[in-house]
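The structure under discussion appears below in the form of structure tokens.
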Amino acid sequence: MRAAVFYGAGQKLVIEEVPTPVPTDGELLIKIAACGVCHTDLHYIDHGVPTFKKPPLILGHEASGIVAEIGEGVKGWEIGDRVLIPAVISCGNCEFCLSERENICANQIMFGNNVNGAYAEYVAAPAKDLIHLPDRLDLKKSSIIADAVSTPYHAVKNRGQVKSGDKVVVIGCGGVGINVVQIAAALGASVYAVDLSDSKLELAKSLGAYKTVNPLEDVEYVRNLKKETGGGFEIAFEAIGNPKTISDGYSLINRGGRLVVIGYTAEEMTFSPARLMYYELEMIGSLGCRPADYLPLIEMIERGKIKLEPLITGEYPLDKINDALDELRNGKALRSIIVP
Ligand SMILES: [Zn+2]
Ligand SMILES: [Zn+2]
């Protein structure tokens, strides 16, 4: 089969012929319909974040497809079934898996990181972790549910615990942040969207943001938003991964408020523990999504409460994957999908 192979930081992905995986016991072979291009890939390619499996490695962790082959002992799946492949598979046995926190499984395996991913024609994956996709959903566009939509869903629903009527601020409206906006809005929150790009803010508005803020036009936006909201927000989400914007999110929450960090940064930062203690603030992280979240999430998409179409700004064949990564680098693309 053909695949886009990562050989190391600072190098373009190489399209080449590699052996097609063979499904072992309990696995399905999936013919990939599409795979979303994620910032995480740029962390490996541009920023030197090491992958768990040493290169050469096939990247790609946000995929949908069709069952092409069924391994020994698999029940409940047929050839041709439509399938969503979660970005991460969990062990099912550790203390975190056993307490329904599979997203922080101590032995988790991520596609395109621990094992070969879906910038390829085929992927083999354990059947127990795969999700049936309803016929009503577009197979290719649904690929981005596996990370760009499911990660925000967990952040908003389980970590942020957003409820109807909450005032929420989302800093960063890229592929992940934009879905924090639309999911929090769908749950009835008043969402303030913050981004440096006016086009991303326009999209945020069309997906339910109550108000949009561009810090380039309002450099004092933290102070101004606190004033406008009478002290700040119940919940802030940081979806960039930058100490400055994490700090802004922390400043933007009101007494008793909660900051949820979804963006990744390896940098250190400082914050005021006095504020944390005195105002009973919460500062928490959010990683991926639990298997139990996929069903209610897919239902929201089926009912049109969460939209996929406006999120996908480009579709590229496997040969053009480096162009898709360039688009993401220069901030033009929101979410591109690769169709191998
Ligand atoms: Zn991702
Ligand atoms: Zn586990």
| said: Suppose we filter Arg255, Arg275, Arg290, Arg223 for residues that are closer than 26 Å to Leu207 by Cα and out of contact with any helix residue (DSSP H, G or I) (no Cβ under 7 Å at 6 or more places or on another chain); which single one remains? | reply: Arg223
| remark: Restricting attention to segment 3-34, the residues that are outside any strand (DSSP E or B), aliphatic (A, V, I, L, M) and either at pLDDT below 95 or more than 16 Å from ligand 1 (Cβ to nearest atom) (or both) number exactly 3
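So if I check each of Ser190, Ser164, Ser199, which one is free of Cβ contacts under 8 Å to residues at least 24 places away in the same chain and outside the structural domain of Asp25 (by TED's automatic domain parsing)?
So the residue among Ser190, Ser164, Ser199 that is free of Cβ contacts under 8 Å to residues at least 24 places away in the same chain and outside the structural domain of Asp25 (by TED's automatic domain parsing) is Ser199.
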| task | List the number of the failed condition for Leu57; all other conditions in (1) in contact with a helix residue (DSSP H, G or I) (Cβ under 9 Å, 6 or more places away or on another chain); (2) more than 17 Å from Leu318 (Cα to Cα) hold. | result | (2)
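Does Val37 satisfy the condition of being more than 16 Å from Gly288 (Cβ to Cβ), in the same structural domain as Arg329 (by TED's automatic domain parsing), more than 14 Å from ligand 1 (Cβ to nearest atom) and in contact with a Lys or Arg (Cβ under 9 Å, 6 or more places away or on another chain)?
Considered against the rule, which asks whether it is more than 16 Å from Gly288 (Cβ to Cβ), in the same structural domain as Arg329 (by TED's automatic domain parsing), more than 14 Å from ligand 1 (Cβ to nearest atom) and in contact with a Lys or Arg (Cβ under 9 Å, 6 or more places away or on another chain), Val37 comes out as no.
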| Residue, nearest to Leu137 (Cα to Cα), within segment 84-101, restricted to residues that are within 16 Å of ligand 1 (Cβ to nearest atom) and assigned to a loop (DSSP other than H, G, I, E, B) | Pro86
| Can you tell me which residues in segment 93-137 are among the acidic types (Asp, Glu) and away from ligand 2 (no atom under 16 Å from the Cβ)? | Glu121, Asp135
| task | Name, by its number, the condition in (1) over 17 Å from the mean Cα position of the chain (by Cα); (2) in the same structural domain as Phe237 (by TED's automatic domain parsing); (3) part of a helix (DSSP H, G or I) that does not hold for Ala155. | result | (1)
| request: Filter segment 35-65 down to residues that are modelled with pLDDT of 95 or more, farther than 14 Å from Gln11 by Cα and within 17 Å of the chain's Cα centre (by Cα) and give me whichever is farthest from ligand 2 (Cβ to nearest atom). | output: Val37
| message | Checking the condition surrounded by fewer than 24 Cβ atoms within 10 Å (Cβ to Cβ), modelled with pLDDT of 95 or more and among the polar types (S, T, N, Q), which residue from Asn93, Asn179 passes? | response | Asn93
| said: Residues that are in the same structural domain as Gly304 (by TED's automatic domain parsing), within 16 Å of ligand 2 (Cβ to nearest atom), closer than 26 Å to Ala184 by Cα and not in a loop (DSSP other than H, G, I, E, B): does segment 138-145 have at least one? | reply: no
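The values are calculated or read from the model by the stated rules, or taken from the named source; none is laboratory data. Just so you know, these numbers come straight off a predicted model, no measurement behind them. Here the Cβ is made from the backbone with ideal geometry for all residues, glycine too, and neighbour counts use every protein chain on show.
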